[in-house]
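Computed from the coordinates by the stated procedures, all read-outs in this text should not be read as laboratory data. Note that this is a predicted model, so its numbers are computed, not measured. Reconstructed Cβ throughout: ideal geometry from the backbone, glycine too, with neighbour counts over all protein chains shown.
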Amino acid sequence: MSDIKRTNVGPRMSDMAVYNGVAYLAGQVPDDASLDMEGQTAQVLATIDGLLAQAGTSKEKILMAQVFVANIAEFPAMNKAWDEWVSKENAPPRATIEARLANPDYKVEIVVTAAL
């Protein structure tokens, strides 16, 4: 277990665990839930960039992304922010799921796994 490095450890969960050359991020949600879908998505992606940088990696090395949206009708707005952010040459496999999120004001939550 000593090889596992955790970031922002809380009593319930960590934001990220790094083990065996892979960074596993918890579901990231917006800091400002008053933003629209595009704004929330951009904010979450910026948080992901920061966590990946802390691990010594980047969005170019994402192995898998899971996107949870509260309302699938807002899928195009989420995709607009995603398309502006994602590495075009290294777009990862991705799943998008409509789901009820922990806070009813959240529109999006994103989980990624990335190689170091």
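Of note:
- Scan of segment 29-56 for residues that are surrounded by fewer than 19 Cβ atoms within 10 Å (Cβ to Cβ), out of contact with any Asp or Glu (no Cβ under 8 Å at 6 or more places or on another chain) and either closer than 18 Å to ARG94 by Cα or small (Gly, Ala, Ser) (or both), ordered by number: ALA46, ASP49, GLY50, ALA53, GLY56
- Restricting segment 1-25 to residues that are small (Gly, Ala, Ser) and surrounded by 11 or more Cβ atoms within 10 Å (Cβ to Cβ), the residue that is nearest to ALA53 (Cα to Cα): ALA23
- Taken over segment 1-17, the criterion of being touching an Asp or Glu at 6+ places or on another chain (Cβ under 9 Å) and under 16 Å from VAL111 (Cα atoms) is satisfied by ARG6, THR7, ASN8.
- Filter result (touching a strand residue (DSSP E or B) at 6+ places or on another chain (Cβ under 9 Å), of a type in the set (Phe, Trp, Tyr) and in contact (Cβ under 8 Å) with a residue 40 or more places away in the chain) within segment 64-105: PHE68, TRP82
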